[in-house]
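Below is one structure, written out as structure tokens; comments come after it.
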Amino acid sequence: MKTSNKISFSRRSFLQTSALASGGMLVGFNLFTACKEDVKPPVDLSLLDYNDFNAFIKISDEGKVTIFAPNPEIGQGVKTSMPMLIAEELDVAWEDVHVVQGKLDTKNYTRQVAGGSQSLRQGWTPLRQTGATARQMLVNAAAAKWGVSASECKTNKGVITNANGDKLGYGEVVKEAASLEVPEDVTLKDPKDFHIIGQDISNVDIDEIVTGKPLFGLDYKQEGMQYASVLRPPAFGQKLESFDDANARTVNGVNDVIKFGDKIAVLANSTWAAMKGKKALKATWTQDSKAESTAFHDETLLGLLNGDKFDTRRKDGDVIKAFAEADQVLERTYETPFVPHNCMEPMNFFANVTTDKIELVGPIQTPAGTAGQVARMLGRDASEVTLEMTRMGGGFGRRLYGDFALEAAEVSHLAKKPVKVIFSREDDMAAGIYRPAIKYRIAASIKDGKLTGYHLKEAAINGNMYGLIPNFFPAGAIENYQVDTANYKSNITTGAWRAPYTNVLASCEQSFFDEIAEAMGVDRIKLHMDLLENVKRTTDERIQYSPERLQGVIKRVVKESNYGKEKDVYQGFAVYYCHNTHVAEVADIIMDNGVPVVKKVTVAVDCGIVVNPLGAKNQVVGGVIDGIGHSMYGEITFNDGAPQSNNYDSYQLIRMLQTPQVDVHFIENDIAPTGLGEPTLPPVGGAVANAIYKATGKRLTKMPYMNNMDVEPVVG
Amino acid sequence: MPTFQLKINGASHSVEADADTPLLWVLRDNLDLVGTKYGCGIAQCGACTVHMNGNATRSCTTTVANAQGMEITTIEGLSENGDHPVQEAWKDIDVPQCGYCQSGQIMTASAFLENNSSPSREEIRSAMHGNICRCASYNSIEKAVEVAAKKMN
Ligand code: FES
Ligand code: FES
């Protein structure tokens with residue numbers, strides 16, 4: 001994982017250059033696939049084609065750099081941090097760099113998911129190689145001009161110098177550089193020489209955001225476009241029986257009403273007319289499959305936990321034997337609710353389906369998959385579809401699913417008009433793809449003062465933990481360890497929600513460890529440090545977390561938070577590894593008339609090299625506050641299949657007065673960077689629950705905590 | 001459809017709309033002023049905040065009929081060059097994450113600072129409590145309002 005300096009890659013594997021007709025040099029590259037031998041980047045900028053190259057760097061003859069990157073911004077800062085990697089190795093001043101969002105090639109773009117936590121980790125080496133290769137070509141061109149060896153030349157912020165004291169700006173050699181061979185070996189910088197990576201860089205769209213420029217999907221318009229508001233079944237398990245659109249059609253501005261499947265779209269000249277038209281529709285619905293309620297889900301999941309139908313995801317030693325021989329066995333059941341994503345920008349999408357092409361525009365994280373689905377749904381060839389991604393008003397997992405784009409395409413196809421489907425907040429919350437309700441039962445055995453066994457059972461709606469999650473801590477630390485899962489298939493749509501599965505699992509486990517430490521009569525921090533000792537020298541390849549790095553964040557957070565020593569506050573601790581990043585957190589709370597108030601959260605994060613500390617800190621703080629909000633307040637319940645909250649007067653998102661100050665500390669090292677959009681969220685609920693226990697003596701095992709604390713529920 | 005005369009960012013506009021149309025949709029759909037955002041439509045999130053006669057107002061629950069005769073300012077008109085002290089502070093602190101809620105946050109903060117030029121932390125937190133930020137950029141918002149207050153003095 002250490003950054004090595006000398007990198008070889010096969011020539012032409014992913015990069016090509018050309019001289020631009022308008023002056024300057026264009027480097028086209030394809031980050032994740034090789035380009036074909038015979039393709040060349042265009043000489044005319046208006047012809048940028050993202051089929052073979054998914055990104056371009058233009059270096060003008062004034063030495064200014066434009067980076068055309070296809071990743072739009074979702075709120076994780078990748079539109080800024082990924083170009084920083086290129087600019088660093090190209091060795092230019094950040095002030096001379098301009099970032100432009102390129103078109104996305106939906107046909108060849110192999111990284112199907114845009115803008116997630118993984119982008120930076122995956123781009124770390126190839127993006128730097130790209131910058132370093134372009135830099136080397138400029139150096140080679142200057143060296144040839146001077147008749148010196150390239151190895152004698154140095155660069156600094158866009159200027160090449162040699163031992164004789166000659167100087168050339170990048171712009172002065174772009175023409176020659178463009179015609180040179182692409183070098184096979186390039187040297188990457190030693191991290192100590194970074195002058196962009198590690199600096200606070202503002203988000204590249206900041207000027208447009210603070211002046212209200214059209215950036216988001218909801219802001220997109222086209223001539224002749226119809227605004228569409230869609231009536232969907234009001235409850236899961238229902239379908240459309242009949243409807244009456246007479247009143248809807250009389251609403252000023254309404255132009256058409258179109259039934260598609262079990263949904264009805266009202267098309268109008270304005271958003272308001274479409275929404276009003278939808279309210280005027282009369283529809284009757286019939287029950288098609290089971291009408292499920294929250295009480296039913298609770299009963300079903302508890303039934304699964306009490307039963308014996310599990311899939312075993314990991315099994316070390318023999319937990320049954322360990323439990324039978326134990327001096328003491330602890331067991332707790334943890335319960336977590338459904339939650340909607342509640343992106344601040346409601347779901348929306350533009351589609352213009354005509355006989356010769358399908359044009360799609362909007363906020364989506366899975367452009368290639370969605371374009372393919374639209375083509376299949378309409379029986380069209382994928383080559384007829386173009387999809388343009390806009391900036392996204394939040395994602396949190398919701399925009400991985402293209403249901404709203406499919407709706408727009410189908411309505412446009414039927415209406416034969418360009419259409420923009422807009423969800424109202426009510427639609428957005430009620431037609432959710434929710435984080436599913438999950439319950440855990442965790443048991444631990446203690447013998448002779450040692451933690452000898454740990455058995456985790458998960459019962460979830462629709463899906464279970466996946467991949468390496470069963471191998472996260474404490475896997476590897478306890479001799480007898482088992483993870484079992486079971487699930488119930490519901491007709492309520494569920495899906496990924498920021499840090500899927502670990503988002504609630506980490507909090508539950510981190511509360512449970514507090515209980516274990518208490519039962520063992522050992523210090524919570526010592527218990528963790530000792531358990532992590534057991535993991536060192538592991539040869540188990542499934543274990544991806546580093547015990548040393550987890551111990552590092554624990555030590556740091558204990559020091560920075562003054563854990564266990566702060567007066568006047570109750571402190572709760574949690575530590576977790578997920579999304580390749582190691583995090584420890586301490587929550588400080590006070591009690592105000594029986595209501596817990598989180599005053600401060602101290603976070604220690606080991607995410608390797610911090611590319612953009614300013615953006616990174618925003619991500620860490622956002623994850624922590626989001627995690628507190630959802631563990632304290634977030635819940636959507638169902639009654640006969642109908643969601644019981646549909647707007648912010650019946651659903652509580654965390655607001656300013658409920659937010660703590662978050663104090664962030666990054667561990668400094670030279671390890672390749674890992675994601676930050678997700679990993680600080682999962683453990684924080686545990687830290688808060690542990691602090692509340694210290695304050696009240698009550699173990700909170702059911703989220704959202706505020707609804708299970710005998711205090712007035714909060715809305716607003 | 002009736003016609004309404006609106007005064008927005010110093011210019012007069014005449015728009016055709018039903019009298020019950022929220023100002024929000026008139027701004028966005030009729031006048032292409034899309035900096036004002038839709039978040040909830042029921043005065044709960046603050047994404048649609050504009051100034052009416054200097055007061056922070058939810059445009060999603062203000063009808064076009066009631067907006068007539070008022071001096072309306074939207075994010076597009078808050079300053080000529082995007083250099084209002086609140087916008088400058090937002091840039092200094094690099095507040096936005098996804099950015100969607102931020103024009104509403106800026107409009108709430110700028111109206112608040114007009115009436116209270118040296119607010120305490122608690123006053124800032126209370127003033128901003130009505131604006132939801134789903135990305136939870138609250139710590140940065142709090143700090144940026146403080147920075148903006150200093151710039152305005
Ligand atoms: S859209 Fe007006 S307050 Fe939410
Ligand atoms: S920045 Fe995303 S909602 Fe506030």
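Find all pairs meeting these conditions: Cβ atoms under 9 angstrom apart; at least six residues apart or on different chains; first residue within region A:646-667 and facing another protein chain (nearest Cβ under 7 Å); second residue in a strand (DSSP E or B) and open to solvent by less than 30 Å² (accessible area, probe 1.4 Å).
Between residues of region A:646-667 that are facing another protein chain (nearest Cβ under 7 Å) and residues that are in a strand (DSSP E or B) and open to solvent by less than 30 Å² (accessible area, probe 1.4 Å), the close pairs are A:Thr659/A:Val598; A:Gln661/A:Val601; A:Val662/A:Val601; A:Val662/A:Thr602; A:Val662/A:Val603.
Within region A:418-434, which residues are open to solvent by 10 Å² or more (accessible area, probe 1.4 Å), away from ligand 1 (no atom under 16 Å from the Cβ) and in contact with a Pro (Cβ under 8 Å, 6 or more places away or on another chain)?
Within region A:418-434, just A:Ala430 meets the criteria.
A quick yes/no check of all residues on (1) away from chain B (no Cβ under 14 Å); (2) closer than 30 Å to A:Ser229 by Cα; (3) touching a residue at least 60 places away in the same chain (Cβ under 8 Å):
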{"position": "A:Ala291", "(1), (2), (3)": "yes, yes, yes"}
{"position": "A:Leu302", "(1), (2), (3)": "yes, no, yes"}
{"position": "A:Asn306", "(1), (2), (3)": "yes, no, no"}
{"position": "A:Ile358", "(1), (2), (3)": "yes, yes, no"}
{"position": "A:Pro367", "(1), (2), (3)": "yes, yes, yes"}
{"position": "A:Arg391", "(1), (2), (3)": "no, yes, yes"}
{"position": "A:Gly397", "(1), (2), (3)": "no, yes, yes"}
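Here are the criteria: (1) away from ligand 2 (no atom under 16 Å from the Cβ); (2) under 16 Å from B:Met152 (Cβ atoms); (3) in contact with a helix residue (DSSP H, G or I) (Cβ under 9 Å, 6 or more places away or on another chain). Tell me which single one B:Ser120 does not satisfy.
(3)
For region A:193-211, what are the residues that are farther than 30 Å from B:Thr73 by Cα and facing chain B (nearest Cβ under 8 Å)?
Residue satisfying the conditions is A:Asp200 alone.
Hey, which of the helices (runs of 4 or more DSSP H) in region B:31-115, taking only ones fully inside, have at least 2 residues that are among the polar types (S, T, N, Q) and away from ligand 2 (no atom under 16 Å from the Cβ)?
Answer list for region B:31-115: B:102-115.
With the requirement that a residue be surrounded by 23 or more Cβ atoms within 10 Å (Cβ to Cβ) and touching a residue at least 12 places away in the same chain (Cβ under 8 Å), what does region B:34-43 give you?
B:Gly35, B:Thr36, B:Lys37, B:Tyr38, B:Gly39, B:Cys40, B:Gly41
Just give me the residues in region A:526-542 being open to solvent by 20 Å² or more (accessible area, probe 1.4 Å) and either in contact (Cβ under 8 Å) with a residue 24 or more places away in the chain or among the hydrophobic types (A, V, I, L, M, F, W, C) (or both), in sequence order.
Initially, region A:526-542 is screened for residues open to solvent by 20 Å² or more (accessible area, probe 1.4 Å), giving A:526, A:529-530, A:533-534, A:536-542.
Passing the criteria: A:Met529, A:Asn534, A:Thr538, A:Asp540, A:Arg542.
From the list A:Ser445, A:Ser383, A:Ser412, which residue is open to solvent by 40 Å² or more (accessible area, probe 1.4 Å), among the polar types (S, T, N, Q), outside any loop (DSSP other than H, G, I, E, B) and away from ligand 1 (no atom under 16 Å from the Cβ)?
Answer to the selection: A:Ser383.
Residues A:Ile492, A:Ile478: which one is assigned to a loop (DSSP other than H, G, I, E, B), open to solvent by less than 20 Å² (accessible area, probe 1.4 Å) and more than 28 Å from A:Arg699 (Cβ to Cβ)?
A:Ile492
A:Pro683 is checked against (1) open to solvent by 10 Å² or more (accessible area, probe 1.4 Å); (2) touching an Asp or Glu at 6+ places or on another chain (Cβ under 9 Å); (3) outside any loop (DSSP other than H, G, I, E, B) and fails just one. What number does that condition carry?
The one condition A:Pro683 does not meet is (1).
Sort through A:Leu456, A:Leu505 and tell me the only one that's modelled with pLDDT of 95 or more, in a strand (DSSP E or B) and crowded, with 22+ Cβ neighbours inside 10 Å.
Among A:Leu456, A:Leu505, only A:Leu456 is modelled with pLDDT of 95 or more, in a strand (DSSP E or B) and crowded, with 22+ Cβ neighbours inside 10 Å.
Condition first: buried (at least 24 other Cβ atoms within 10 Å of the Cβ), closer than 20 Å to A:Trp124 by Cα and modelled with pLDDT of 70 or more. Can you find one or more residues in region A:30-45 that meet it?
Yes, some residue in region A:30-45 is buried (at least 24 other Cβ atoms within 10 Å of the Cβ), closer than 20 Å to A:Trp124 by Cα and modelled with pLDDT of 70 or more.
Which of the residues that make up region A:339-356 are away from chain B (no Cβ under 14 Å) and either charged (D, E, K, R) or closer than 29 Å to A:Thr637 by Cβ (or both)? Even if it seems obvious, please write down each step before you answer.
Residues of region A:339-356 away from chain B (no Cβ under 14 Å): A:349, A:351-356.
Hits for region A:339-356 are A:Phe349, A:Asp356.
So that you can scan it fast, the table gives a plain yes or no per residue for (1) more than 13 Å from every other protein chain (Cβ to nearest Cβ); (2) in contact (Cβ under 8 Å) with a residue 12 or more places away in the chain; (3) buried (at least 24 other Cβ atoms within 10 Å of the Cβ):
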residue	(1), (2), (3)
A:Glu585	yes, yes, yes
A:Met591	yes, yes, no
A:Val595	yes, yes, no
A:Ile609	yes, yes, no
A:Leu614	no, yes, no
A:Ile625	no, yes, yes
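Pairs only if they're at least six apart or on different chains, beta carbon under 6 angstrom, first in region B:99-120 and facing another protein chain (nearest Cβ under 9 Å) and under 13 Å from B:Tyr138 (Cα atoms), second within 13 Å of ligand 2 (Cβ to nearest atom) and of a type outside the set (A, V, I, L, M, F, W, C); list them, first residue then second.
B:Gln102/B:Pro96
Output the number of residues of region B:37-61 satisfying the condition of being more than 9 Å from ligand 1 (Cβ to nearest atom) and among the hydroxyl-bearing types (Ser, Thr, Tyr).
Result for region B:37-61: 1.
Can you tell me which residues in region A:345-380 are closer than 22 Å to A:Phe68 by Cα and assigned to a strand (DSSP E or B)?
Scanning region A:345-380 gives A:Glu359, A:Leu360, A:Val361, A:Gly362.
Spot the failing condition for B:Leu31; the list is (1) of a type in the set (A, V, I, L, M); (2) more than 10 Å from chain A (Cβ to nearest Cβ); (3) open to solvent by 30 Å² or more (accessible area, probe 1.4 Å); (4) more than 16 Å from A:Pro214 (Cβ to Cβ), and only one is missed.
(4)
Just to be sure, is B:Gly77 away from ligand 1 (no atom under 16 Å from the Cβ) and within 15 Å of the chain's Cα centre (by Cα)?
Answer is yes for this residue.
Taking the condition under 10 Å from the mean Cα position of the chain (by Cα) and within 11 Å of chain A (Cβ to nearest Cβ), does B:Thr36 pass?
yes
Just to be sure before I move on: is B:Asn139 away from ligand 1 (no atom under 16 Å from the Cβ), open to solvent by less than 30 Å² (accessible area, probe 1.4 Å) and either among the polar types (S, T, N, Q) or at pLDDT 95 or above (or both) in the structure I sent?
Answer is yes for this residue.
Within region A:386-409, track down each residue that is assigned to a loop (DSSP other than H, G, I, E, B) and away from ligand 1 (no atom under 16 Å from the Cβ).
A:Thr390, A:Met392, A:Gly395, A:Phe396, A:Gly397, A:Tyr401, A:Gly402
Hey, which of the strands (runs of 3 or more DSSP E) in region A:244-344, taking only ones fully inside, have at least 3 residues that are open to solvent by 10 Å² or more (accessible area, probe 1.4 Å) and at pLDDT 95 or above? Spell out the reasoning first.
On the way: elements: A:254-260, A:263-268, A:282-287, A:311-316, A:328-336.
Correct list: A:254-260, A:282-287, A:311-316, A:328-336.
Exactly one condition in (1) within 12 Å of chain B (Cβ to nearest Cβ); (2) more than 24 Å from A:Ile364 (Cα to Cα) is false for A:Gly237; which is it?
Answer for A:Gly237: the failing condition is (1).
When only residues in region B:122-136 that are open to solvent by 10 Å² or more (accessible area, probe 1.4 Å) and part of a helix (DSSP H, G or I) count, which is nearest to ligand 1 (Cβ to nearest atom)?
B:Ala127
The values are calculated or read from the model by the stated rules, or taken from the named source; none is laboratory data. Since we're looking at a predicted model, the values are computed, not measured. Positions of Cβ are backbone-derived with ideal geometry, glycine not excepted, and every protein chain shown enters the neighbour counts. Quick note on the areas: whole protein, heavy atoms, side chains included, nothing else; ligands and nucleic acids left out. Shrake-Rupley method; radii C 1.70, N 1.55, O 1.52, S 1.80 Å.
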